[in-house]
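Derivation of every value follows stated rules applied to the coordinates shown; laboratory data play no part. On a predicted model such as this, the values are computed, not experimentally measured, just so you know. Methodologically, a virtual Cβ is constructed for each residue, glycine included, from the backbone with ideal geometry; neighbour enumeration extends over all protein chains shown.
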Amino acid sequence: MRGKPAPKRTITPDPKYGSTLVAKFTNTLMRKGKKSTALRVVYAAFDEVEKKTKQQALEVFDEAVKNVMPLLEVRGRRIGGANYQIPFPVRGDRRYALAFRWILTSVRGKKGRPTALKLADELVAAANKEGDAVKKRNDVHKMAEANRAFAHFARFSR
C-alpha cells in the first residue's frame with residue numbers, strides 16, 4: 001500500500017433530525033450532487049413511515065438499518081490455483097455502507113411509484129425483518145455459512 005490512508009471526513013448531521021446516520025444515508029441516495037432533492041425524498045419517506053407505523057421515523061430507520069447490516073461477508077481468494085469464497089467479519093463502517101446500498105438497490109429496483117413511497121415501504125419492511133434488503137443480508141449470511149469450511153484460509157490474508 002502506497003502513501004497514507006485517506007483521512008476520515010466528518011459528516012455534518014442532517015438539519016431536521018440532527019442525525020449523522022440520516023445525513024450519510026442522504027449522501028448515499030444523492031445522485032449528481034443534488035443533495036436538496038435527496039433530502040426532500042428522505043424527509044418525505046420519513047413522513048410516510050410515521051403515517052404507516054405511528055412511530056418515530058428515526059426509530060424505524062435505525063431498526064431497519066440494524067436489521068439489514070451484515071455481520072459476515074465472503075471474499076474471493078486464490079489459493080494454490082483454486083478460488084475460494086472465504087467468510088470474513090464486516091467492519092463497522094462497511095456494515096452501514098452495505099446496509100444503505102442494499103436498501104437503495106431494492107428501492108431503485110422497484111418501478112412505477114415515487115422514490116419516497118418506495119423508500120418508506122422498504123424501511124417499514126426492513127424494520128419488520130422483511131423485504132428485499134433483509135433477504136439480501138440473509139443470502140450473504142447463508143453464503144458465509146456455506147463456506148465456513150474455508151474460514152481457516154482467512155488468517156493468511158489481508
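Sequence-ordered 3J(HN,Hα) estimates for the range 68-84 from the Karplus curve with 6.51, -1.76 and 1.60 and θ = phi - 60° stand at 9, 4, x, 9, 10, 9, 10, 10, x, 9, 8, 9, x, x, 10, 8, 10 Hz, glycine and proline given as x. Taking K and R as +1 and D and E as -1, what net charge do the other residues with C-beta under 12 Å from the C-beta of residue 84 add up to? Taking every other residue near residue 84 into account, the sum is +4.
Start at zero, step by 10 Å, and the Cα-Cα distances of the range 101-157 spread as 22, 38, 20, 15, 5 percent across the bins.
What share of Cα pairs, in percent, lie more than 26 angstrom apart in the range 20-156? List each step's numbers first, then the result.
Working: 2851 of 9316 pairs.
The share of Cα pairs beyond 26 Å in the range 20-156 comes to 31 percent.
For the pair residue 130 and residue 78 in one chain, pulling the backbone fully straight at 0.36 nm per residue adds 15.2 nm over the alpha carbon distance. Taking every DSSP helix (H) stretch of at least 4 residues in the chain, weighting each as -39,500 (n - 2.57) and dividing the sum by the residue count yields a mean residue ellipticity at 222 nm of -18000 deg cm²/dmol. Each label point was placed 7 Å from the Cα along the Cα-to-Cβ direction; for residue 62 and residue 139 their separation is 3.0 nm.
The H on the amide N of residue 73, modeled in the peptide plane, is under 5 Å from the matching H of 88, 90, each at least 5 residues off or on a different chain. Place a point 7 Å from the Cα of residue 88 along the Cα-to-Cβ direction; which residues of the range 115-158 have their backbone N under 17 Å from it? Once the point is set 7 Å along Cα→Cβ of residue 88, 140-141, 143-145, 147-158 turn out to lie under 17 Å by backbone N, inside the range 115-158.
Determine, from the Cβ-Cβ distance of residue 53 and residue 20 and an R0 of 22 Å, the FRET efficiency 1/(1 + (r/R0)^6), rounded to the nearest 0.05. Spell out each step's value before the answer.
Working: r = 23 Å, r/R0 = 1.04.
So the FRET efficiency works out to roughly 0.45.
Let me know the Kirkwood hydrodynamic radius for the range 3-78, please, with Cα pairs as the basis and the value in Å to one decimal.
14.6 Å
If N is the number of residues in the range 78-123, what value comes out of its Cα radius of gyration divided by 2.2 N^0.38 Å? Mind dumping the intermediate values first?
Values: Rg = 16.4 Å, N = 46, 2.2 N^0.38 = 9.4 Å.
Compactness ratio reported: 1.74.
Arrange the peptides 110-116, 48-54, 76-82, 6-12 so that the one whose residues have, on average, the most other Cβ atoms within 10 Å appears first. Could the numbers behind the result be given before it?
Values: 110-116: 12.4, 48-54: 15.6, 76-82: 8.9, 6-12: 7.3.
Result, highest mean first: 48-54, 110-116, 76-82, 6-12.
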